[in-house]
Structure formats: structure tokens, C-alpha cells
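Below you'll find the structure, written out as C-alpha cells, and then a few comments.
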Amino acid sequence: MVNRRPKSFKDSKRKQVDLKTSFNALFYIPRFFKEIWNVNKTLFLLTAFCRLIAALLPVIILWVGKLIIDEIIYQVSLEVTDYTQLWTYVGLEFGLVILSDLISRAVSLTDGLLGDQYNIATSVTIIRKTNQINISLLEDAEFYDKLERARTQTTGRVGLMSNVLGQLQSAISIATLVAGLVIFDPYLIILLVLSIIPSFINEIRFSQQQYSLARSWTSERRELDYLRFIGANDKTAKEIKLFNLTDFVVNRFKNLSEEYFELNKKLAVKRSALGFLFNVLGSLSYYGAYVFIIYRVLSGAITLGELTFLSGSFNRLMKNLQEFFSKFTRIAESALYLKDYFDFVDISVKPETNEDLSLPKEIKQGFEFKDVYFHYPESEKDILKGINFTLKAGEKMAFVGQNGAGKTTLTKLLLRFYEPTSGEILLDGININRYKKSEYQAFFGVIFQDFFKYEFTVKENIAIGSITELENQLKIENAAELSLASGVVSELKYGYNQRLGKRFSNGQELSGGQWQKVALARAYMKDAEVIILDEPTSALDAKAESEVFGRFIGLTESKTSIIISHRFSTVRQADRILVLQDGKVLEIGTHEELMQNKTLYSELFSLQAEGYQ
């Protein structure tokens, strides 16, 4: 559900951009072309050369056409004719037309190839940048809108490249046509430019408003994509049918999309109407100039061939100028989206200046939480309040507590996804912020409760735990055996090469328990010093859960590990159990000690035990 929904374009005024902003965005274009240049220098130079030739050909073809007309009239006036020169001109024009087509196709080819390569490069940049950004920022809705604009405008950036290169081509072509007209009558140029300016200003104005509308509706368009997904997806189909949600989803989608449609329609209709009026002015200008040229011919001031050249040049020049200004507005609009991309790429990631220590080869003392408080950036409510405890080296500790007690948040702080609001976390007596973050996080093997179901092959899904071992089939099979995923694999048509999920052809969907076994195998792929399992067996039956944890306990004998689970048959196998309540440590100890305390743990254990009697 979104918090903001513009009811009219005027309601979105705070998101509108002015003329200055549009022009300022153009300053990103040199940097944009520097990126393209770095992608493929050879293709860039080739497309630039082809466009240069393409820019010169129109005026050359028009001039040869003039020579043909003048030669025909000249030969007609002679008693003894010689058409050698005429056929030479015709042959030359034919060759130029063929060359023009060849160059046009070469431009399309090189633009397409260069655009595809740039598309790949920017997508890689966005993926890598996203990986550098703190998770707390990625969970912020406003920031996610910025990410969404950067991610979804890839096609627009490729189009911008073609438009800018085409604009340079048009500029050269316009310059040659202007030079040809100036030789005969410079007043035609003034008339032409005056007819184009109003249309140009109109296009600039509406491109700003189009961008403003699209930008202000980023969040709503994400909601529309989400509604499309849940309304037509195999993962949601059961609940949609069972709860009869079709009308609810359809109506919500229709209301939101029609609201956007109406805003967009008003803008488009107004833009088209004013565009038509300004085009009429352009046509009047052209025919006024055309009448003027005909008058010059009739008065004997210019030849019939020069008439052909002038009328052709004027017509082509008017179209080129209209296209030039139209493209300029599209470029200005695309540059605003380009700004979104570079704004995202330029997000500063604060360097951890105090990360000057390498990790110890093995944990000697363990971890210590010292008076740790934490609240999420967008909230002032503390999730954790004065947490103090020690996780000893080689110890297996379980986190227990009701939903919202702060169990998963504790692990996120330990993994440095977030920083404590106050207090500190120590590893062997040293603040964990002193260690290099990438090395520190590689220290852990983690399976989250909401683990991601990658629609890759089984082999790839398991190897994600240690992707450098992707080709180590023996290790992958061993991990599958330990997590009980080998039984799942044996039932699949293509074994370890079976693609999972239904998104792609030949994909096979798994049950929740089967997916969980595959995800657990990832933990066994990594020879991590610390292993964290967050509700790792919630989808498994009691027998499978008992077997999985029996193996886990045996295989992690000397490793430090944390288990989060609501099943006390699992929790009681831990060396110590940390009980959280309302973000505070309520009690900590062995299963036997906590049962004697007769507080929350004892109460929850007894309630669960009654359910099995």
C-alpha cells in the first residue's frame, strides 16, 4: 500500500522540474558518452564515422539533382546533343542513393550493437552498486523508488545514445543545407527558424511535465507492477481463487491505472493539439518560401535546377530542424532520467575508515554484546534495549522469544547489516567494526527464514552457499546428503541439473519443505567459522527436522553457531538458550536451568509440550 497518490497533475507540483533543471540535466551527457566510449571504442568510432557520411550525403544528392535538371535543360536547348555528362550525373546520383542506404543500415547496426553492450554494462553497474549499499537504505521506500528509476530506464538510456548521435548528424546536415541556402537567399533561413521556435518551446515544456508525472508516480507504478504480479502468478493463484480476490485486485489495479491514464491523457491531448497548431505555422512558412522561390524562377533570377535544389533543400531543412528540436526535447527529457541513473551510481558509500584489522584465523573468546540498543532509521522505537550477553567460541546458542522480540534483528547486527544505535559488539574483545566488512561477513554461513528461492538449477542453488565451488560436484552432493536434499534430487527428472521454479521452461516447482532442504544444503557448502540458522526447519516434518538437527549438531561440534527456532525440541539441543522479550534479554542458560526458572521459556516449552500429548 502506498502513502501517496497524486489526484491531479497539479497535486504533484513539488515533483515538477523547471526549464533550468532540464538544461542542467544535459551536463550529464558528456559523462554518459564517456561510459559508452569505454564500453566499445571501435564501435563508437565506426558509428560516428557512418553518421558523418550520412550527414553530408543529403546536400550532395540534392546538388547532383540540380546538376541533372540543369544538364537536361541545357541539352534540350542544343541542336546537337551529348548526354554523356547527363548519364554520368544520373549514375553518380544512383551510387549516392545506394551509399546512403548502406550507411543508414550501418548506423542502425552499430547503434544496436553498441546499445546492447552499454545496456549490459549499466545493468552490471547497478547490480554492483546495489551490493555496496547498506541494507537499511535498500529497505527505505523513497530510496527504492530511486533504485527503480535507475533500473527501469535502461532502454531509455540506449535510445538517448541514438538520439544524441543522431542530433550531431542532423547538426552537420543542417549546417550544409543552410550553407547551400545562404548562397542563394539568406532570408529563407530567417523565415524557417522563426517558424520552428514556437514548436520547440512547446515540446520542451511538455517534456518537463511528462517527466514530472512519471517521476511523481514511481511508487504507484511499482504498485501496478506488484498488482499485475499477484493477479497473474502461479505462487498467488491458490489464495486469489480461495479468497475470491480477483475483483479486489482487478478493481484496485483499474482504479490506480485509470487515474494515471487520465493524467497522462490530458497531457498527451494538450501536447498534440498545440503541436498541431505549431506545425500548421511551419507548413505556412514552408509554402510561403516555396512561392517565393517559384517567383524567383519566373523572374529569371534562378534556374530550374536551382529551383529543384532550393525547394528540396528548404523542405529537407525544415524537416531536419523540426526533427532536431523534437529530438532535443526528447534528449532533455531522457537526460532527466539519465540524472536518476547517475544520482544512483554516485550515492556515496561511506568508507569504513576504522576497518584496519584482518580477521583471526579462529575464534578464541567469542562474541560479546555490550549494552546494545537499536532502532531502524525510519523509526524512533527501540527494537533492542540494552542487550548484554556473550556467545563463546564453539558454543551453540539458541535465540527464543515471541514474534517481534528482536531475534532476527540480533543476527542482522551480528552480520553488520545494521549498526547498533548505541553500544558495541565485540569479537575476541575487539569491536567488529574494526574488521574488514567483506572478510568479516565471509566468516558466516547463514540460512534465513525468508531465504530466496533462486530459479536456477539444483546444483547452482546449493552452490550459492560457496559459489566458488560450483564445479565441485562431490562437495555439492555431500551438502545435499547432509541436508536431506539428496532425496529431493533423486525425484527430479534432471537431477542436479534440474531448473527449479516455474518461471522458465522445464522448471520444476518444489514444496516448502523441499526448498528448505535445498537451502539448508547451502550452509553445508561453506566451511564457515560461525553458522546462523534462522527458522531453518519450519517447513519440515518432525522426523526430518530431528534428523537434520542431529546431523547439524554433529557436524558443527567445534563451530560457533546460532539457532533461531520456535520448536523447542530443536532449541533444547543448544548449549545455552537466550530468551528475548520486548527487545530485552529476559533470561539465559541451559534448557534445564531455564525450566527451573519458571518464567517465559518454561511457560512456552510447557505449552508446546502439551500440544504433543
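General remarks:
- Considering all C-alpha pairs of segment 415-495, those separated by over 22 Å amount to 42%.
- Under the Debye formula (equal points on every Cα, no solvent term), log10 I(q)/I(0) of segment 451-527 at q = 0.17, 0.19, 0.21 Å⁻¹: -0.52, -0.66, -0.82
- Extended-chain gain in nm, criterion 0.36 nm per residue less alpha-carbon gap, residue 270 and residue 376: 33.6 nm
- One Cα centroid belongs to segment 429-490, the other to segment 66-86; the line between them spans 83 Å.
- Exceeding the 28 Å Cα-Cα cut-off - candidates 392/598; 517/598; 265/327; 129/327; 517/559: 517/598; 129/327
- Ranked packing of 417-429, 459-471, most packed first, by mean Cβ within 10 Å: 459-471, 417-429
- Spin-label pair residue 493/residue 261, simplified geometry with 7 Å Cα→Cβ offset, distance in nm: 3.9
- Short-range pairs are left out: with C-alpha atoms under 8 Å and at least six residues apart, the relative contact order of segment 451-527 is 43 percent.
- Note, ³J(HN,Hα) from phi for segment 560-569, Karplus 6.51, -1.76, 1.60, rounded to Hz, x at Gly and Pro: 7, 8, 10, 10, 10, 7, 9, 9, 6, 5
Laboratory data are not the source of any read-out in this text; all were calculated from the coordinates shown. This structure is a prediction, so every number in the text was calculated from the model and none was measured. Glycine gets a Cβ as well: all are built from the backbone with ideal geometry, and neighbour counts include every protein chain shown.
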